[in-house]
1. Please give the average number of partner chain Cβ atoms lying within 10 Å of the Cβ of each residue in C:100-108, rounded to a whole number.
2. Which of the peptides C:180-190, B:553-563, B:263-273 is most tightly packed, and how do the rest follow, going by the mean number of other Cβ atoms within 10 Å of each residue?
3. Can you find, among B:261, B:395, B:171, the residue sitting farthest towards the positive end of the charge dipole of the protein assembly as shown, where Lys and Arg contribute +1 and Asp and Glu -1 at Cβ?
4. Pairing the Cα long axis of helix A:264-278 with the longest principal axis of chain A, what angle in degrees results, from 0 to 90 and rounded to the nearest 10?
5. Determine the shielding of peptide B:123-130 by partner chains: average, over its residues, the number of Cβ atoms on other chains within 10 angstrom of each Cβ.
6. Among the DSSP beta bridges whose two residues both lie in the protein assembly as shown, what percent are antiparallel, rounded to the nearest 5?
7. When a footprinting reagent is the concern and you count Cβ atoms within 10 Å, what order do C:121, A:4 take, fewest first?
8. Give the lysines reachable from residue C:112 as a straight Cα distance under 23 Å; neighbours fewer than 8 places away on the same chain don't count.
Amino acid sequence: METFLQVVTNGLMLGGLFAIVSVGLTLIFGIVKVINFAHGEYLMIGMYLTFLLATGLDVHPYLTVAAVAPLLFVLGALTQRFLIQPLMHARDEHVQIFATVGLSTALMNLALLVFGADIASTPASGLRTSLHIGPVRILAGQAVIFCVSIALVVGLHYYLQRTQTGRAIRAVAQNRDAAQLMGINVNWIYVLTFGIGAACVGLAASLVAPLYPTQPTSGTYFVLIAFVVVVLGGLGSIGGAFVGAMIIGLIDSLSGFYIGSDLREVAVFGVFLLILILKPSGLFGRRSLAHVSP
Amino acid sequence: MTQDKTDSAQRRGVIALALVLLGILAIPIAMDDQFIYHIFVTICIFAALSTAWNIVGGYAGQLSLGHAIFYGIGAYAAVMLTNLGITPWIGMFVGAFFAVIAAIVVSYPCFRLHGPFFALATIAFLEVFRVLALHFRSFTGGATGMMIPLNVGWEWMVFRDRLPALIIAFGLLLLTLAVAWWIRNRRLGFQLIATRERESAARAAGVGTVRVRLVGVSISAALCAMMGSFHAMYLTFIEPEAVFSLTFSIQIALFALIGGIGTIFGPLLGAVMLVPITEFARGWLGSGALGLHGFVYGVVLVLVVLFMPNGIMGLVQRFFEPDRSASEAEPASVPAEARASEARSFGEDVLQVERLDKHFGGLHVTNNVSFSLKEGEVLALIGPNGAGKTTVFNMISGFLKADSGSVVVRGPDGQFHSPTTPGDYAAIGVGRTFQIVQPFASMTVEENIMVGAFHRHHNVVDAREAARETAHRLGLGRWLHAEARGLTIGGLKRLEVARVMAMEPRILLLDEVMAGINQTDVRRAVDLMLSIRDSGVSIIAIEHVMQAVMSLSDRVIVLNSGEIIAEGTPQEVVRDATVIQAYLGKEFANA
Amino acid sequence: MLELKAVDAGYGATTILHSVSLNVQAGESVTIIGGNGAGKTTTLRTIIGLLRPTAGTIHFEGQDISRLSAHEVVELGITLVPEGRQLFPDMTVRENLYMGAFRRDARSQAEKTLKEVLELFPRVAERLDQQAESLSGGEQQMVAIARGLMARPRLLMFDEPSLGLAPIIVEQVFSVIDSIVKTGVTVLIVEQNVHHTLNAADRGYVLENGEVVLEDAAQALLTNDHVRQAYLGI
């Protein structure tokens, strides 16, 4: 029983990790309607930045957020402005997929060129200490990630519902043309949204780097999981993505323990494919995936 | 544009293609260098894979990033069988067979998804295959991979020289190109492209969209598997990370994109341009600059997407092809001719609708709707927005399943049938248009109509003939070779009708074909409908344009909040107090 | 107030408007009529800045707006009620209306404007907290018009307000437009429904194949032979 509780707890912690990585992707997809295949590379870049700043300035990795999140914001905003925006009116969506796939390939290999294939380890700075809560143990860093992911989801939701800019963002997502007619600068909203989405990944990177090794392919694993989470949560629904992340975290943890750790991905992607096939609108989405594209 | 111009452009294209193919074979033989041979074998392999991918990714518009699955299945099948002493020439077909099975199993569910989601699902499947190949070590050798026994000779597809390998690779490339060309110029190709452009319109035109996509992906998978078998023999070693690789899948798609997605020979051009560059870069830079070649790859991809999204073929076409724009003035369609409305007699029922019910959530959109349509009759369906008219149409054309009630249609055999899918309805002779026009935007007007004509004609020549005839009848003759996306709304509405007419339906369902066109055009459209009726077609029309309803219909049914509130001749209905109150308004009554 | 001088505009390589000149005086209601594909919608999209003119100039209250983006034009006080309603489907009617008051001049007075607008649309007032997409087509058109008024526009433009609506709803829509005209807002209407729109407007332009072929007082156009034959089907 205690083992089971520990496995479930691990799953939830993993869920928090997946959630914090996926929130930005959900936001970008929900508003800009572009699937950013380079999302994982944003995370990887954020982790390298955290590593460089934390070791270079000898500060706690968490403090690097102050620099990493704004830098990622800029990276996201630039991506939207110079890569996605020229393609917004493209005839078909192939080009947008290829654009972000190309960016992903370029960034990953750039990291390989600059940092080599070796692992960069950000100092754990005490975040690997175990906390005992009742019968289960969790790492301090995991607990922080879990709490911050909840705060992030709640914060973003509030921002979108209650602020003038948040409403404008939602308006653009629902009807781009009409939003323009209301006097909303749509291109600016897209740049802003992409920036916010990337900044969320920057935040995630600073929290994740002390716990996980950083290497050029770090993003690839997370991005596939993040896609699963986003689809599961019903595309663009931030709360949905959070629940989706928890479910995937649990599946990952349970299947890793009970089936075999090399088959965890089969379980995760198996569930993903089942959801796609049986309920293509995602667990919490209203609009079917099948009709998202024109 | 003239036929001559097209012909000469075509001739130049054929010559250019022949030169490229000849070059692929002649250059390495002439230079006789191991490395050059290797580059050209690789060109053949990638060109063939990419051409095969293009059948799904280009024609059908399903952006698969999981094609390495089929390649990998071919590779593993050949290597495993070779290790059992069976020649890869057989292994190739065994691999193709299993790849087709995998393609159907993987694609059937995935085809419900579009665009990025389809791409994601194929990536997920690829990951599953990779992890499974790593897991079942006893079978696949796991992460250590598999070697082939080095038996040299044609029988084992392993050679000391490079020339035989080039010949096989070139042969496979020719086979793939021939298949791609053949599909594009046959019914299957038209149907695949129509499915890509507008799925619902393709279904209404009688295209079995799932079936044609499965056929397309099966052919594509079989070809990829055969290339995989050969490539494995060529490399003599395979491992899961290399064959079930996302990067490899992306590469396959990349060549098609650079060459020109959806074109027949674009993928070939893409491979010819890019493979030498990357192979030379790999040769020169070696492992000294780890990641540089991948970085260049990514950057090239981004630049191509930004600056030449239609690929090399897009550039080539701009030089060769005549202008396809449709910016001419509208011609008159059919001659307007006054018709006295006389009492007409009709045949037997051709369609019977019994007590249809449909709920959307808490909304009762169709409530106990029953009516019938007689042969040669024109029935108008009117009512306020949201009354459930289009829902009724969707239920009598197979796009929506009723909660209860029945629809029966009299077939050409005189018996009543209960069709269920859009395909069934099309097969029994029910054709429909859509309220929001659904052209196959990137196809020409002629090709659009041909998709409908293929319902009756299997042969391309017959279908083209039928399509031209229909186009002229509907006043679209001048735009036969214009892309549908260039038409005006009025033109698109006519195209919508033309596509259905080319199916030679016995029952025609017209959903607001007159909305958004001016009064003169309405009169023309009415005359057209009457001429269609006189050719023996029974019509149900949803219309808001009362002028058209009055002059066109033999009988009118008024729907309001999902229920039939009145039924009768046009004259009876417009005097009906309930109808005036719910729909027409007092001004109409006073007019 | 608004003046187009020899404007050319179109999509990509296709030019749809050829040297279109027209003007709207303050307080006037003007209509543009014409067959489908004549370029009516293109004209409005060019004025509002969704399309850039390829030649010619557009001035609004003396300022050249030819090169401005839509959001900048909206800030200046021009509002377009688009063809096919174009509401924000997942927002409530109230949120939709507030989005209408997004432009800086209108934002601070949103509460006050809402009260005024709802007096004009009692039916919309009943549905404030419903999701926009749950409304019927006619109700959605009313919300779209109300949303346009929320911007407190100096020039309000309508693109085919009757499109796809039942005859009885079309009458209601035009009676609302009539009352808006009476409040003194300058109005520019594009319509297929020639009869209604000419009755609502002071002056009209007839657009054919992207060119202005006729310009006259609305009542005069109603009796014009060409108009009667081509658009009224008489």
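1. Shielding by partners across C:100-108 averages 3.
2. Highest mean packing first, the order is B:263-273, B:553-563, C:180-190.
3. B:171
4. 30 degrees
5. Mean inter-chain Cβ contacts per residue within 10 Å come to 5.
6. Once the DSSP bridges in the protein assembly as shown are tallied, antiparallel ones form about 60 percent.
7. Ordered by Cβ neighbours within 10 Å, fewest first: A:4, C:121.
8. C:182
Laboratory data are not the source of any read-out in this text; all were calculated from the coordinates shown. The structure presented is a predicted model; accordingly, all values stated were derived computationally and were not measured. Because the Cβ atoms are built from the backbone with ideal geometry, glycine has one as well, and the counts that use them run over all protein chains shown.
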